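Q: Sharing a structure, written as structure tokens. Questions coming.
Computed from the coordinates by the stated procedures, all read-outs in this text should not be read as laboratory data. These figures come from a predicted structure and were not determined experimentally. Backbone-built Cβ (ideal geometry, glycine too); neighbour counts: all protein chains shown.
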Amino acid sequence: MRILGAFVGLLAVAILSAQLIAAGILYARGQLTGETISEIQGAVFGSEEEDLGEEPAVHETTPSMNAVLEERAMRVLALGAKEEELRSLRDLVSKQADDVAAERERLEALKEEFRIELQKLKDERVTESIEKAQSIVSKSKTSDAVHYLMTLSIDENVQIFGGLQAKTQAKLLQEFAAGVDEVQQRGRSVFEAIALGSPEKELIDEAFDAVRPEQASAPSSADRR
């Protein structure tokens with residue numbers, strides 16, 4: 001025990017001597033301050049932080065391979081989710097475009113159906129009017145029928161003529177040919193419109209041929225004078 005006590009005493013004297021020597025050197029240099037004294041004590045006795053077991057500073061290190069792979073996997077998953085979202089959006093837009101196209105086709109079909117129905121009603125009304133006019137012409141005197149036809153257009157005259165019997169057509173054309181210049185011109189216009197391809201063309205031609213010689217042989221106003 002004496003030896004141990006002597007050793008401890010010598011160690012304490014050595015430490016104290018070292019402190020005094022270091023303090024003397026710093027004092028001679030003019031560097032003796034409270035901070036340097038603390039550093040001397042720390043060098044001799046050790047700092048309190050070391051005594052308390054200070055944790056070593058954490059230095060930044062290169063990410064491990066697992067961390068890199070995990071980060072890449074997360075990026076791939078995020079990219080896949082974004083692509084799926086874009087794909088869903090594209091499909092939605094495409095579906096909406098198809099729906100709009102289908103609706104447009106449906107509206108066009110309804111429009112065409114309405115147009116056909118409207119044209120049908122119009123044709124029925126025209127047909128009804130023509131049939132009524134044909135009935136009037138057929139039941140009227142030839143002169144009255146021609147006068148009535150003169151109040152209508154040439155197209156209407158042609159439509160009315162189309163539903164009349166060939167004999168009635170011939171009588172009407174004869175009456176047109178026997179009229180004044182305006183009436184004769186109307187008769188020629190109607191005849192030209194219905195003669196081409198008409199099944200009754202020959203009979204109508206004969207009717208006009210029968211009228212023309214009479215007009216040629218009739219004395220003019222100058223001859224009468």
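This table checks each residue for (1) among the charged types (D, E, K, R); (2) over 25 Å from residue 172 (Cα atoms); (3) in contact (Cβ under 8 Å) with a residue 60 or more places away in the chain; (4) surrounded by 10 or more Cβ atoms within 10 Å (Cβ to Cβ).
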| site | (1), (2), (3), (4) |
| --- | --- |
| 85 | yes, yes, no, yes |
| 92 | no, yes, no, yes |
| 97 | no, yes, no, yes |
| 111 | yes, yes, no, yes |
| 130 | no, no, no, yes |
| 136 | no, no, no, yes |
| 145 | no, no, no, yes |
| 148 | no, no, no, yes |
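Q: State all residues of region 165-193 that are surrounded by fewer than 20 Cβ atoms within 10 Å (Cβ to Cβ) and under 54 Å from the mean Cα position of the chain (by Cα); if no residue qualifies, say none.
A: The answer is 189, 192, 193.
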